[in-house]
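Step one of this worksheet: look at the structure below.
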Amino acid sequence: FGPFLDAKHEQVENCRLLGSFGDVFRLCLRTIIEGTRSAGSHLVFVPSLRDVHHDYVYPQPPFLCPDLPKEDKPRVHFVPDPCTLELD
């Protein structure tokens with residue numbers, strides 16, 4: 001996925017969002033996390049340099065999500081860009 005809140009999106013470029021960059025990003029995260037909860041899938045969130053709500057430096061630190069529900073913490077992973085993932 002991503003970027004989640006794209007700097008090139010028309011509503012971002014024209015300042016027509018209904019909330020702050022952080023608020024819109026948290027809504028995107030919540031929708032994805034809650035929508036996949038019953039599937040039991042693991043999610044890996046990697047930032048993009050075009051995410052307007054996140055650091056524009058490279059390498060990028062992982063997203064912060066301090067309000068992630070306790071039951072989702074084992075299956076939701078926030079990693080930096082670049083990163084190396086090892087799956088089973």
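Quick check on my filter: what residues within region 58-88 are in contact with a helix residue (DSSP H, G or I) (Cβ under 9 Å, 6 or more places away or on another chain) and either among the hydroxyl-bearing types (Ser, Thr, Tyr) or open to solvent by less than 70 Å² (accessible area, probe 1.4 Å) (or both)? Reasoning before the result, please.
Kept after step one, since they are in contact with a helix residue (DSSP H, G or I) (Cβ under 9 Å, 6 or more places away or on another chain), are these residues of region 58-88: 63, 65, 67-69, 71-72, 75-76.
Hits for region 58-88 are Phe63, Cys65, Leu68, Pro69, Asp72, Arg75, Val76.
Looking only at region 35-57, count every residue that is modelled with pLDDT of 90 or more, in a loop (DSSP other than H, G, I, E, B) and open to solvent by less than 60 Å² (accessible area, probe 1.4 Å) and tell me the total. Walk me through how you get there before you give the answer.
Within region 35-57, the first condition is being modelled with pLDDT of 90 or more, and the residues that meet it are 35-39, 41-47.
Narrowing further to those that are in a loop (DSSP other than H, G, I, E, B): 41-42, 46-47.
Cutting the leftovers down to open to solvent by less than 60 Å² (accessible area, probe 1.4 Å) gives us 41, 46-47.
Total satisfying the criteria: 3.
Scan region 18-27 and give yes if some residue there is open to solvent by 90 Å² or more (accessible area, probe 1.4 Å), touching a residue at least 12 places away in the same chain (Cβ under 8 Å), of a type in the set (Lys, Arg) and over 26 Å from Glu86 (Cβ atoms), otherwise no.
Yes - at least one qualifying residue is present in region 18-27.
The values are calculated or read from the model by the stated rules, or taken from the named source; none is laboratory data. As the structure is a computational prediction, the values presented were derived from the model and not from experiment. Neighbour counts are summed over all protein chains in view; Cβ atoms, including those assigned to glycine, are modelled from backbone coordinates with ideal geometry. Quick note on the areas: whole protein, heavy atoms, side chains included, nothing else; ligands and nucleic acids left out. Shrake-Rupley method; radii C 1.70, N 1.55, O 1.52, S 1.80 Å.
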